[in-house]
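The values are calculated or read from the model by the stated rules, or taken from the named source; none is laboratory data. If you're wondering where the values come from, they're calculated on a predicted model, not measured in any experiment. Counting neighbours? That spans all protein chains shown, and the Cβs are built from the backbone with ideal geometry, glycine included. What goes into the accessible areas is simple: the full protein's heavy atoms, side chains included, and nothing from ligands, DNA or RNA. Shrake-Rupley method; radii C 1.70, N 1.55, O 1.52, S 1.80 Å.
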Amino acid sequence: MIPWFYSTDELKKFQNTKSQRKREKVILQQREYVEQQKKILLEKADDIKLNAKDVARRVKYGDKHRATESMMSVAMDLKNAEPVLSNYVNNLLLLRVYETMHINGYVDPSALPEAMADIDYGLYSLSTEDELRDMLSQATDPLAVLGISLNE
Amino acid sequence: MAKKPIWMELESMSKRKRSDRVLKHTANYDDFVNASKDCIETLGALRKSISASEQRIIKFLEKENQAEAVAEILRLRVLRIEQMVELSALSVARANRFYNKLVMDVSKGIDANVKYDEQSVQKMVPAELKTLVADSVEASDFYDILSKYKDNLREFVTDGGNKA
C-alpha cells in the first residue's frame, strides 16, 4: 500500500513528529517551497509566452533570424522547466499529504482495515518515483500524449 | 501478526467503549467531510482553469500561432499536475472519511445484533474509491481535438529552429 511515497524520509519524519506546533511549522515551510516553485514555473510560462509572441511577430515581418532565436528560447525554456516541474509535483504531493495527516483522527492507508486494501490513491499509489514521472508525462503533457517529444 | 478485522475488534468491545469510540469517529468523520469538500472546491476551480487554458491552446492553433500554443502547454501541465495531486489528496481524505463512517455504521449494526464478516464489510466499500484518478484524467476530449494539429505542433517542436 502506497509503497514509494509513504516510505520517503520526509514523510516518515513527519509521521514521527508528534508536536502539533512542529508539524504546523513543517507544513508552513513546505507551503513556502511549493509557492516558490510555482512562481518559477509561472514566470517561465510568462517568458515563454513573450518569446512566442515575438516569434509570431518576427515571422509576420519575415525576420527569419530573430524568429529562430526566439523559437530556440521557447524550446529551451520548456526543457529547462522539466526539473522544476518534477520537483513541484513531489513537493505538492508532500504538502497535501502533510495537510491531510494533520487532520484529527488521520489513519495511514496502510493502517486502514483489510477490506479497504484495494483503494486507488492516485499518485500516492505508484510504486516508484520513475513510475510517477512516466505517468505525469503521459497524463499531463499534451505533446507527449500526441507522441511529440522535445528531445527529438 | 495479522491485523484484527474491524468488525471483530468492535464486536469484542463493551457497549460503552464502543459508544465512546463512535463519538470520536463522528468528530473525525466531520473533519474529513470538510477536507473532502475543500478538495472538491479546489478541483472545481482547477477544472475551470484547465478548460480555459485548453481553449486558449486551440485558439492559438486555429490562428496558426503554434509558438504561443506550445508556450501555453507549460501552464496547462502545471494545472493538470495540480489536478492529479488534488485528486490523489481527495482519495486519501475520502478513504479516511469512509473509514470513520464504516466504524460508525458497523458499531450501530453490532448494537442492533447485526452479524458482520469480512465479505459483508468488504461489500460496504464503495466502488468509487477504487477508480478515482484514471477516470477523471481521461474525461477531457481536448487531446482528441489537439490531434488535428499534431503535424503543426510536431513541426514546431522538432524543427522549431528552422521554421522561421
- Task: Could you give me the percent of Cα pairs per 5 Å distance bin for the stretch B:30-120, shortest bin first, beginning at zero and ending with the bin that holds the maximum distance?
- Result: 3, 13, 16, 13, 10, 10, 9, 7, 6, 5, 4, 3, 2, 1
- Task: Summarise the accessible area of the protein assembly as shown (1.4 Å probe, protein heavy atoms) by the percent that is carbon and sulfur.
- Result: 49 percent
- Item | Cα principal axis extents for chain A, largest first, Å | 66, 34, 20
- State the volume of the convex hull built on the alpha-carbon positions of the stretch B:1-82, expressed per residue in Å³ and rounded to an integer. 133 Å³
- Note on the structure: On protein heavy atoms with a 1.4 Å probe, the accessible surface that disappears when B meets A, both sides summed and given to 100 Å², is 5500 Å²
- Stretched out fully, how many nm does the piece from A:ASP130 to A:GLN20 gain, at 0.36 nm a residue minus the Cα gap? 36.3 nm
- the stretch A:79-102 and the stretch B:11-44 have their Cα centres apart by a whole-number Å value of 27 Å
- Item | Mean shadow area of the protein assembly as shown over all directions, Cα convex hull, nm² | 17.9 nm²
- Message: Not counting ligands, DNA or RNA, and with a 1.4 Å probe, what is B:THR42's accessible surface area in Å² rounded to the nearest 10?
- Response: 60 Å²
- Sequence of A:LYS38, B:LYS15, A:LYS53 when ordered by accessible area, the most exposed leading, probe 1.4 angstrom: B:LYS15, A:LYS53, A:LYS38
- Are there GluC sites (Glu not before Pro) in the stretch B:43-94 that DSSP marks as loop and that have at most 14 other Cβ atoms within 10 Å, and which are they? B:GLU64
- Message: Run the count for the stretch B:1-132, please: Lys pairs, Cα-Cα under 15 angstrom, 8 or more apart or on different chains.
- Response: 7
- What nm value, rounded to one decimal, do you get for the distance between A:ASN104 and B:LYS59 when each label is placed 7 Å out toward the C-beta? 4.7 nm
- Query: What FRET efficiency would be calculated for the residue pair A:LYS12, A:GLN36, taking the C-beta separation as r and a Förster radius of 30 Å, to the nearest 0.05?
  - Reply: 0.80
- Rounded to the nearest whole number, the per residue volume of the convex hull around the C-alpha atoms of chain B in Å³ is 147 Å³
- Query: Using only helices, what value at 222 nm comes out for chain A when you add -39,500 (n - 2.57) per DSSP H run of length 4 or more and divide by the total residues, to the nearest 500 deg cm²/dmol?
  - Reply: -23500 deg cm²/dmol
- Message: Which of rounded, prolate or oblate describes the stretch A:91-134 when judged by the alpha-carbon gyration tensor and an a/c cut-off of 1.5?
- Response: oblate
- Message: As a test of reading the structure, rank B:ASP31, B:ASP20 by solvent-accessible area (1.4 Å probe, protein chains only), most first.
- Response: B:ASP20, B:ASP31
- Task: Have a look at B:ALA67, B:GLN55, B:TYR99 and report the one farthest towards the positive end of the charge dipole of the stretch B:49-131, computed about the Cα centre with Cβ charges (Lys/Arg +1, Asp/Glu -1).
- Result: B:TYR99
- FRET efficiency estimate (nearest 0.05) - Cβ-Cβ, B:LYS3 to B:ASP117, R0 22 angstrom: 0.90
- Query: Which value, in Å³ per residue, describes the convex hull spanned by the Cα atoms of the stretch A:1-55?
  - Reply: 101 Å³
